[in-house]
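Okay, so here's the structure we're looking at.
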Amino acid sequence: MIVAVASGKGGTGKTTLAVSLALAAARAGVEPVTLLDLDAEAPNAALLLDPVLEERRTTGIPVPEVDAVRCDHCGECVRLCRAHALADIGTSVLVFPDLCIGCGVCTAWCPQRAIREVDHVLGTLEAGRAGPIAFAQAQLDPGRAQPAPLIRALKAWKMRASPTGLTLLDAPPGASCSVMEAARGADHVLLVAEPSVFGLHDLGKAVGALRDAMGLDVSVVINQSVGRDDAILRFCEENALAVRLVLPFEREIAAAYAEGRSLLEVRPACEAPLVELLLQLRTKEQLA
């Protein structure tokens, strides 16, 4: 079973939930358990799990390099580039690697065969283990603008679909293309929402992107609840969204997170409801 953990906004406790689910599943004997941190711009799950990272590789996308001698400035590459990563200024063709999506159309269709592809490194992929949990993360290099190819590369490298195991995908926050890439292929998406006007607003955007646009199976976990959840519960009811779990806002939990300690370390009683949540999703998947 593949479960993506996402959120409409940052700070809702998405990574806390993803890590807690992985720990609870491992302790309950669910094998194998894999956690992929796909929040490539700010991967933080390792701070809670402290994994031993034994594998590391750089990755990126192929971008065009134009041979100025062979190029006759016909403009075909500029016309075909839907990412607007090329510009012909008459004396040369400029390439903007951070706009390029690596589709290869310009290289394939250049009449003069004046374009070749070179590697444009976007960041690093790392993998290892945190006890019984297989762990991997993507990390975008500073200044790079495209996390989605890194996310796609990490999933291709390390994701293992198993009928008896569990793969958790810690997605980036928001409702951008990187979030949609992270959740793609998941059997279910858990959207972590805080019961605030900001959390409710951004939850709506995430539901629109992941359920309404992509057709993914989505439900909600309310986190940091102080007992005033009426607005978000009403939204979930009106939009046919199951609320799988409500986690309280407690100072001790927040303090533990600030020190890099997991939810289960300070609230072991949360293990049982987390395992029950996973069993609900497993049953739902088997009945689908």
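I'd like the residue in the range 104-131 that is basic (Lys, Arg) and not in a loop (DSSP other than H, G, I, E, B) and, out of all such residues, is nearest to Ala40 (Cα to Cα). Step by step, filter the range 104-131, then rank; the result is Arg129. Could we say that Gly75 is without any contact (Cβ under 8 Å) to a residue 60 or more places away in the chain and not assigned by TED's automatic domain parsing to the domain that holds Ala28 here? Taking the combined requirement at face value, the residue satisfies it.
Given the criteria modelled with pLDDT of 95 or more, crowded, with 20+ Cβ neighbours inside 10 Å, out of contact with any helix residue (DSSP H, G or I) (no Cβ under 9 Å at 6 or more places or on another chain) and not hydroxyl-bearing (Ser, Thr, Tyr), does Ala85 qualify? No; evaluated as a whole, the condition is false for this residue. Of everything in the range 259-288 that is over 22 Å from the mean Cα position of the chain (by Cα) and among the small types (Gly, Ala, Ser), the residue that is farthest from Gly199 (Cα to Cα) is Ala288. Scanning the range 255-264 for residues that are surrounded by 14 or more Cβ atoms within 10 Å (Cβ to Cβ) and either out of contact with any helix residue (DSSP H, G or I) (no Cβ under 6 Å at 6 or more places or on another chain) or in contact (Cβ under 8 Å) with a residue 40 or more places away in the chain (or both) returns Tyr257, Arg261, Ser262, Leu263, Leu264. For the range 166-211, the tally of residues that are under 25 Å from Ala46 (Cβ atoms) and either of a type in the set (Val, Ile, Thr) or not assigned by TED's automatic domain parsing to the domain that holds Leu277 (or both) stands at 4.
One residue stands out among those in the range 99-127 that are more than 15 Å from Ile61 (Cα to Cα) and charged (D, E, K, R): the one that is surrounded by the fewest Cβ atoms within 10 Å (Cβ to Cβ), which is Arg113.
Being in a loop (DSSP other than H, G, I, E, B) and more than 12 Å from the chain's Cα centre (by Cα) is the filter; apply it to the range 25-43 and report the residue that is nearest to Tyr257 (Cα to Cα). Checked the range 25-43; the qualifying residue nearest to Tyr257 (Cα to Cα) is Ala28. Entry remark, the range 207-223: residues being surrounded by 21 or more Cβ atoms within 10 Å (Cβ to Cβ) and not aliphatic (A, V, I, L, M) number 1 in total.
With respect to the numbered conditions (1) under 23 Å from Leu191 (Cα atoms); (2) of a type in the set (Val, Ile, Thr); (3) in a strand (DSSP E or B), which one is the sole condition not fulfilled by Thr12? So the condition that Thr12 fails would be (3).
Tell me the residue from Ala130, Ala136, Ala68, Ala156 that is among the small types (Gly, Ala, Ser), within 24 Å of Ala26 (Cα to Cα) and exposed (fewer than 14 other Cβ atoms within 10 Å of the Cβ), please.
Ala156
Taking the conditions (1) assigned by TED's automatic domain parsing to the domain that holds Val275; (2) at pLDDT 95 or above; (3) touching an Asp or Glu at 6+ places or on another chain (Cβ under 9 Å) in turn, Val52 satisfies each one other than (3). Among the residues of the range 208-227, not a single one is within 27 Å of Phe96 (Cα to Cα), among the hydroxyl-bearing types (Ser, Thr, Tyr) and out of contact with any Gly (no Cβ under 6 Å at 6 or more places or on another chain).
Do you know which of the residues in the range 238-255 that are more than 16 Å from Val189 (Cβ to Cβ) and in a loop (DSSP other than H, G, I, E, B) is nearest to the chain's Cα centre (by Cα)?
At the first step, the residues of the range 238-255 found to be more than 16 Å from Val189 (Cβ to Cβ) are 238, 246-255.
Narrowing the set further to residues that are in a loop (DSSP other than H, G, I, E, B) leaves 249-250.
On the way: Phe249: 24, Glu250: 27 Å.
Of everything passing the filter in the range 238-255, Phe249 is nearest to the chain's Cα centre (by Cα).
The values are calculated or read from the model by the stated rules, or taken from the named source; none is laboratory data. Everything quoted here is computed from the prediction, not taken from an experiment. Neighbour counts are summed over all protein chains in view; Cβ atoms, including those assigned to glycine, are modelled from backbone coordinates with ideal geometry.
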